[in-house]
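All remarks here apply to the structure that follows.
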Amino acid sequence: MIENLFPNVDWTKMWEATVETLYMTAISTLFTLVIGLGLGVLLFLSSPGQLWSNKLVNFISGAFVNIFRSIPFIILIILLIPFTKFLIGTMRGPDAAMPALIIGAAPFYARMVLIALQEIDKGVLEASKSMGAKTRTIIFKVLIPESMPALVSGITVTAIALVGYTAMAGIIGAGGLGTLAYLDGFQRSREDVTLVATVIILIIVFIIQFIGDFAVKKFDKR
């Protein structure tokens with residue numbers, strides 16, 4: 001029955017492409033979480049009036065975030081081709097998409113982290129400082145726990161964006177559902193292949209959103 005509805009779909013290829021998309025999304029989200037969180041905390045702590053207040057550090061980190069989150073992803077992939085070839089050795093396959101995915105998403109998430117940290121009640125921070133808490137304690141016991149719902153919501157939005165990025169990376173042969181939809185679907189005029197790949201991407205997005213919403217409710221103390 002399914003074969004009759006989608007005669008051009010190779011389900012083995014579709015499954016392999018789905019696994020590649022999930023792999024690219026999961027790994028890049030993990031690195032984006034770590035790098036973006038670090039960048040966001042640095043931006044916050046180096047801003048005026050904070051523990052590491054430093055105009056130069058704040059300017060450099062802010063410029064890095066603003067520049068890379070402003071570059072359209074498809075252009076970023078092209079700009080990073082030499083770096084990706086040096087790092088990975090090829091421009092094809094899921095691993096080759098990782099540098100562009102992480103560099104494209106981490107600054108975006110860093111800005112969301114900064115916004116989340118800026119919304120923390122200043123009284124909580126002042127109380128921690130007055131009690132002589134170390135910077136590490138303030139970061140891991142105050143900043144991150146207090147902003148956890150916003151941080152989880154932010155990484156959910158970022159992960160969904162990364163699913164879209166993987167589809168765009170497929171145009172240059174990075175693998176995944178994007179490559180399958182473009183090469184086997186669009187270029188060969190097989191609309192059913194493109195349709196199935198799109199539906200699977202939507203399902204992945206819905207699952208990520210569901211997990212993210214569930215996690216936000218668990219962390220929200222209100």
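The values are calculated or read from the model by the stated rules, or taken from the named source; none is laboratory data. Because the structure is a prediction, the values reported are computed rather than measured. Counting neighbours? That spans all protein chains shown, and the Cβs are built from the backbone with ideal geometry, glycine included. Ligands, DNA and RNA are excluded from the accessible area calculation, which covers all protein heavy atoms including side chains. Shrake-Rupley method; radii C 1.70, N 1.55, O 1.52, S 1.80 Å.
Quick one: how many residues across region 9-22 are open to solvent by less than 70 Å² (accessible area, probe 1.4 Å) and outside any helix (DSSP H, G or I)?
Residues flagged as open to solvent by less than 70 Å² (accessible area, probe 1.4 Å) and outside any helix (DSSP H, G or I) within region 9-22 amount to 1.
Take the residues of region 154-205 that are assigned to a helix (DSSP H, G or I) and of a type in the set (D, E, K, R): which is modelled with the lowest pLDDT?
Here the residue is Asp184.
Among the residues of region 174-189, are any among the aliphatic types (A, V, I, L, M) and under 17 Å from the mean Cα position of the chain (by Cα)? It would help to see each step written out before you state the result.
To start, the set of residues in region 174-189 that are among the aliphatic types (A, V, I, L, M) comprises 174, 177, 180-181, 183.
Retained after the next criterion (residues that are under 17 Å from the mean Cα position of the chain (by Cα)): 174.
Yes: one or more hits.
Filtering region 113-153 down to residues that are part of a helix (DSSP H, G or I) and acidic (Asp, Glu), which residue is nearest to Val205 (Cα to Cα)?
Glu146
Can you name every residue in region 156-178 that is farther than 24 Å from Leu80 by Cα and open to solvent by 30 Å² or more (accessible area, probe 1.4 Å)?
The answer is none; no residue qualifies.
Of all residues in region 83-104, which are open to solvent by less than 90 Å² (accessible area, probe 1.4 Å) and free of Cβ contacts under 8 Å to residues at least 12 places away in the same chain?
Of everything in region 83-104, those that are open to solvent by less than 90 Å² (accessible area, probe 1.4 Å) and free of Cβ contacts under 8 Å to residues at least 12 places away in the same chain turn out to be Ile88, Gly89, Thr90, Asp95.
When region 113-155 is examined, which residues are found to be among the polar types (S, T, N, Q) and open to solvent by 20 Å² or more (accessible area, probe 1.4 Å)? Let's see the steps before the verdict.
So the first thing to find is which residues in region 113-155 are among the polar types (S, T, N, Q), and the list is 118, 128, 130, 135, 137, 147, 153.
Within region 113-155, Gln118, Ser130, Thr135, Thr137, Ser153 meet the criteria.
Say we look at region 23-56 and pick out the residues that are over 22 Å from the mean Cα position of the chain (by Cα) and in contact (Cβ under 8 Å) with a residue 60 or more places away in the chain; which of these is least open to solvent (accessible area, probe 1.4 Å)?
Leu45
State yes or no: is Phe59 open to solvent by 100 Å² or more (accessible area, probe 1.4 Å), at pLDDT 85 or above and not in a loop (DSSP other than H, G, I, E, B)?
Yes, satisfied.
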